[in-house]
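Inspection log for the structure reproduced underneath, given as structure tokens.
Where a number appears in this text, it was derived from the coordinates with a stated rule and is not lab data. The model shown is predicted, which means the values in this text are computed figures rather than measured ones. Because the Cβ atoms are built from the backbone with ideal geometry, glycine has one as well, and the counts that use them run over all protein chains shown.
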């Protein structure tokens, strides 16, 4: 099982025991404003958690559970999704064949915003994936144009804005931020 650590954080693969913490994070309307626009029920979060675990098995990468040291409080998630950019289908909900885009994304619960957790975790994940996958030279981050906090995180980790995509599955115009090795 893959686990990464920074000075303040632990990033580890998801497990069923994470359901309660994730359900609390994804039930918050403000946290979900730029992630589909609506809070998730516990049952929806359970499906999402199952999909996160399946993504790791299928693609050997995925979203990590983001925890604070030393108390192991779950702060959110950070990590990778594979996407078919022709139709913007991702590996959480679909089987995506290569060649695909690899997204580096993050979600931090609202009570933990503004403490630098997202960029710290994203840098750890970025550095890990580039070390693990020598052939991977580019990451993307799909960010709503209205999500100014995530745009700042993308810029802090070295991403630059690319093209704008509109329409399903995105509820808002979304920028494809690009990060080259």
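Some notes on this structure:
- In a fully extended conformation the segment linking residue 7 and residue 97 would gain 28.8 nm over its present Cα-Cα distance, using 0.36 nm per residue.
- Peptide ranges 79-87, 125-133 listed from the most packed, as the mean C-beta count within 10 angstrom indicates: 79-87, 125-133
- Cβ-based exposure ranking for 34, 93, 148, in which fewest neighbours within 10 Å come first: 148, 93, 34
- Sites residue 19 and residue 58, calculated FRET efficiency, Cβ-Cβ separation with R0 25 Å, nearest 0.05: 0.75
- Remark: the residue 148-residue 163 segment gains 3.7 nm on full extension, using 0.36 nm per residue and subtracting the alpha carbon distance.
- For log10 I(q)/I(0) by the Debye sum over Cα atoms at q = 0.10, 0.11, 0.17 Å⁻¹, calculated from these coordinates, the label among [x] -0.34, -0.42, -1.14; [y] -0.40, -0.48, -1.17; [z] -0.37, -0.45, -1.03: [x]
- Förster-model FRET efficiency, 45 Å R0, residue 180 and residue 43, C-beta, rounded to 0.05: 0.70
- Choice from 23, 118, 154 with maximal GNM fluctuation in the chain (Cα, 10 Å cutoff): 23
- For the chain, the mean residue ellipticity at 222 nm estimated from helices alone is -9000 deg cm²/dmol, where every DSSP H run of n ≥ 4 contributes -39500 (n - 2.57) and the total is divided by all residues, rounded to the nearest 500.
- In plain terms, if you count all Cα to Cα distances in the stretch 1-106 and split them into 5 Å steps from zero, the share in each step is 2, 12, 21, 24, 21, 13, 5, 1, 0 percent.
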